[in-house]
Structures are given as C-alpha cells and as structure tokens.
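We did not get these values from a lab; they are worked out from the coordinates using the rules stated. Since we're looking at a predicted model, the values are computed, not measured. Virtual Cβ from ideal backbone geometry, glycine too; neighbours counted across all protein chains shown.
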C-alpha cells in the first residue's frame, strides 16, 4: 500500500520530460539505417549492384562481394561511433534476440585491428540452444544459425551512450528447419510472389513481381512507473491478475480520440523520433477507447520490413517509456473489464507496375484482375481458416478475443455493400 501512496505522490509532483523535436521529421528519417542511398556512398559500383540485385531480385551474393559489402557497412557504422555488431533475429519467444560482437580483434602477430568481414555479415552460429525449437533439436546442442536477410536493411540501435550495428537475420537449425518467425514469413512472401505473378500475367505481361504489403497498428497502454511498481501482477506478467477493478472503466468511451495528455504526448514524440531514425514511417497517433490506452500506426511497407519495424518499435517504446518514468503495456489484455490491445494487420499485394491488387478502383465490376484476386483471397480464407486461426492463437490473444473489443476467435470476411452486390454477377459468370 505504501508503494501505491508513494506512486500517487510522485504522480502529482511529476512533470513531462522536455523532448527536442526536429523541425522536420524528414531531417532524421532513416539516419541510422544502411539504406541503398547510403550504400551507394560507401560501396563500390560492383558491390552496390550486387546488394541491389539481392534485395530486388533475390540474387545470391558471392563471397568477394560479401566482403566488400561488410567493409562498407563497417565504415558507415564506425563513422557514427559504432563499436559492436549483432545478428538481430526473432526467435519463438515473442521478442527479438541479439548477441553483440566487437569489431575489435587481434591479428596473429598481436596487432589489434577493427575488422568485419563477409563471413560475419552473412552467417553466425550463436550459442542459442535455449530458444524454443518445437522439439527440432536437443536443448544441449547450439546448432542454431543466423543468416543475413538483405531485404531488410541494417540499422544502428542507440541505447544510452552506446551504439550497436544490427543486421536483420533469420534463425534456422543445422538441417535447415525454421527456428524463428522471420524465415517462414520470407518463404510465404516468395511463394505468394511466384503464384501472384502468374495470375497477373493473364492480364498484364509487364508484371514481374508482386510484393506483400502490410500496414500494422500498435495499440498500447501507458502506466506511471510508480503505480506500475505497486502492482506485482503488472510487474511479473504485464497484466492484472488480482485486485479491485478501477473506479471508472470505459463506460462513456470518452477517452477515444480525446486530447492526448501532456506527459504521454512527450513520450509519443520521443519514441517517434527514435522510430524515425530507424526508418520506421510512423504516421498516426491517438487516444484509443480504453482509459490510458493509445495507438500508433505507420505507412504501408513491404511485409518483411514492416514486421521487423513492428518488433523493433515495441523494443523502442519500452525503453523510451522508462526514460519518462512510465511503463508501456503491450499485453493483449492487460486489464479486466476494458478493451485489450489489438495489433491489426492491414495486408495487401502490390505489383511492380504500381497496382494494388486488392484495390477495386473506380470500376470494380469490369476490373478483372481485381475481381480475380478478390475472389481467390476469399476462397483462400475459407479453405485455410484453421491455419489462419492457428497463426494468431496465443494465450494472450485468446484471452482478448470474445471480450469487449472483438468477437470470439472466428474468421470472417466483410466486403461491403457495393461488392456484395457483385456476388450474384460473379456466380452467374
């Protein structure tokens, strides 16, 4: 009880942290990312073309080019004060993972040097035996390998005064089984691309690539640090397990789209600045429906990069919240009786000719390419509903579904009044 009274006292006496915001977000956007624009500056023409071909056409990078690319990335990172690098991946724990290694090494004659070669860029074998594997390997065997994903650019993570070069990777077993969430995603993106291009070519022979696009939304709760520490259940589990319900829940839903509290506003601006440096294109911020609940959302990106950015942002949000003497709750259902937090995924497909395959356009009845993908997407949801449900099933999400903010764990498709009128025509056709 004394912790709660102390938290309330500090809450009343606290004030927002001053946040320095640049005049234009574009001035800092992707400043800590090894973009193709940066690569053009730090790589030779040959190495740049090899990296570009790997990203856009999935072509293999040979060892000599990998050495040149690694050298260029190290030069860029060192110019920003980086001393260590890590293969950044997403194991089956629901969080990200990293093991930092220094550029520093010693030659055989005892001379200390800074070094980062292609082998270290492309693949590593971390002692990762304790990550979940679904029984694919014995727990006493490391036998986990991280492999570079060139489609997701390297970035620099700033933590306090330290800076680390992060290289997005997949995580696989010695025999090639996926041990993470990223490898299956990349495989599915590739499979969809191949199948969708074949369909597109019936209508447009100029289409050579179809990209899965994703626009996610991240809902979250913000709690004062003192009040958070007074709740052992929040500290240990990220959600309430026992105790009295709040005096006011969301009966009037007057928090939704309301005026953002000043202290939370400062926090939002701070983590947005950090996100912009990492190339995360945040666009939206607002109050959500539950008390102390908020939401942010970025511009659509390629699905693989979007997933990396969401995982990265959750880490950033947590660290920045502590800077403001706050705690951010990312649990799907942290409080009983009020809404939980959804991570809504707005997914689509786009061709390299600039067409959104799930956009009906001005004349959907005659837009045959749209109608083809429209019908087949609905058919796929119907045929594979069980695996779609399994892909989002977790203790936290199942706890959220069926409560205030969402129906039970069902799969449904809502197409709107206009497209519903098209169904009879499509059936007759």
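Test of understanding: what is the full-extension gain from residue 245 to residue 79, defined as 0.36 nm times their sequence separation minus their Cα-Cα distance? Mind dumping the intermediate values first?
Values: separation 166, 0.36 × 166 = 59.76 nm, distance 5.23 nm.
Using 0.36 nm per residue and subtracting the Cα-Cα distance, I get 54.5 nm.
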Revision key, fill the gap. Rounded to the nearest Å, the spacing of the alpha-carbon centers of the range 144-198 and the range 333-405 is 23 Å
Practice item. Express in nm, to one decimal, how much length is gained between residue 187 and residue 235 on full extension, taking 0.36 nm for each residue of separation and deducting their alpha carbon distance. Key: 13.6 nm
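Is it possible to state the helix-based mean residue ellipticity at 222 nm for the chain, with each DSSP H run of 4+ residues giving -39500 (n - 2.57), the sum divided by total residues, to the nearest 500 deg cm²/dmol? What is it? Could you put the intermediate results ahead of the total?
Working: 14 runs with 164 residues, N = 429.
Theoretical 222 nm ellipticity from helices: -12000 deg cm²/dmol.
I need the per residue convex hull volume for the range 31-180, using only the alpha carbons, in cubic angstrom as a whole number.
141 Å³
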Point to revise | Simple spin-label estimate for residue 387 and residue 283 in nanometres, 7 Å along Cα-Cβ | key: 3.0 nm
Point to revise | Computed over the chain, Kirkwood Rh from alpha-carbon pairs, angstrom | key: 24.3 Å
Exercise for review: Could you line up 165, 185 from fewest to most neighbouring Cβ atoms inside 10 Å?
Suggested key: 185, 165
**Study point:** Size of the range 175-271 as Cα extents on the principal axes (Å, biggest first)
**Key:** 61, 41, 29
Practice item. Using per-residue counts of other Cβ atoms within 10 Å, averaged over each peptide, order 389-397, 72-80 from highest down. Key: 72-80, 389-397
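Per-residue counts of other Cβ atoms within 10 Å, averaged by peptide: what ranking do you get for 175-182, 313-320, highest first? Could you put the intermediate results ahead of the total?
Numbers: 175-182: 17.1, 313-320: 19.4.
For the peptides 175-182, 313-320, the packing ranking is 313-320, 175-182.
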Revision key, fill the gap. Across 236, 369, 65, the residue with the highest GNM fluctuation in the chain (Cα network, 10 Å cutoff) is 236
Study note, to complete from the structure: Ranked by GNM mean-square fluctuation in the chain (Cα springs under 10 Å), the top entry among 341, 54, 15 is 15
Review point. How many nm separate the modelled label positions at residue 53 and residue 412, each set 7 Å beyond the Cα in the direction of the Cβ?
Key: 5.1 nm
Exercise for review: Mind running the shape call on the range 287-427? Use the C-alpha gyration tensor, a ≥ b ≥ c as the square roots of the eigenvalues: rounded below 1.5 for a/c, prolate if a/b tops b/c, oblate otherwise.
Suggested key: prolate
Study note, to complete from the structure: At R0 = 60 Å the Cβ-Cβ FRET efficiency linking residue 265 and residue 111, nearest 0.05, sits at 0.70
